[in-house]
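Colleague: Before anything else, here's the structure in question.
We did not get these values from a lab; they are worked out from the coordinates using the rules stated. Quick caveat: nothing in here was measured; it's all calculated off a predicted structure. Cβ sites come from the backbone with ideal geometry, for glycine too, and all protein chains shown count toward neighbours.
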Amino acid sequence: MIKNTDLLAKKSQHTETALDVASLPAYLAATPGWTQDGPRIVKTYQFKNYYETLSFINAIAYVIHAEDHHPEMVVTFNRCVIKFDTHTVNDGKGGISENDFICAAKIDAIFEQSFS
């Protein structure tokens, strides 16, 4: 069983191996609110205003940089949609790796600590 605390303790590593489809439900269970959207995982965060939204982006910037795993982000007035996938898996076609869930757990921790 995968735990959120296990993901928080890990560091993203270069990988060319996607997660097995059968393992995805366990990883999704460890990162509540994240959903699979084809070859990526996605979560929407809600905020009171644009300032909070941008503060969140700034707060997660260090983690994203330190993990060297960069998501696609859609930023609006009071919402940020984050999409993670790993471009190096599946012979460069992309897909979901453990790195996506490591970063998802770390971003969730920042949100819970500062914005919920």
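Colleague: To the nearest 500 deg cm²/dmol, what mean residue ellipticity at 222 nm is calculated for the chain from DSSP H runs of n ≥ 4 alone, each contributing -39,500 (n - 2.57), summed and divided by the residues?
Modeller: Rounded to the nearest 500, it is -13000 deg cm²/dmol.
Colleague: Around Leu19, which amide H atoms from residues at least 5 apart in sequence, or from another chain, sit under 5 Å from its own amide H, with H modelled in the peptide plane?
Modeller: The list, which skips near neighbours in sequence, is Ile96, Ser97, Glu98.
Colleague: Alpha carbon centre of segment 74-104 versus segment 41-72: separation in Å?
Modeller: Here the two parts' Cα centres lie 12 Å apart.
Colleague: Related question: If you place +1 on the Cβ of every Lys and Arg, -1 on the Cβ of every Asp and Glu, and leave all else neutral, what size is the dipole of the chain about its Cα centre, to the nearest 20 Debye?
Modeller: 320 debye
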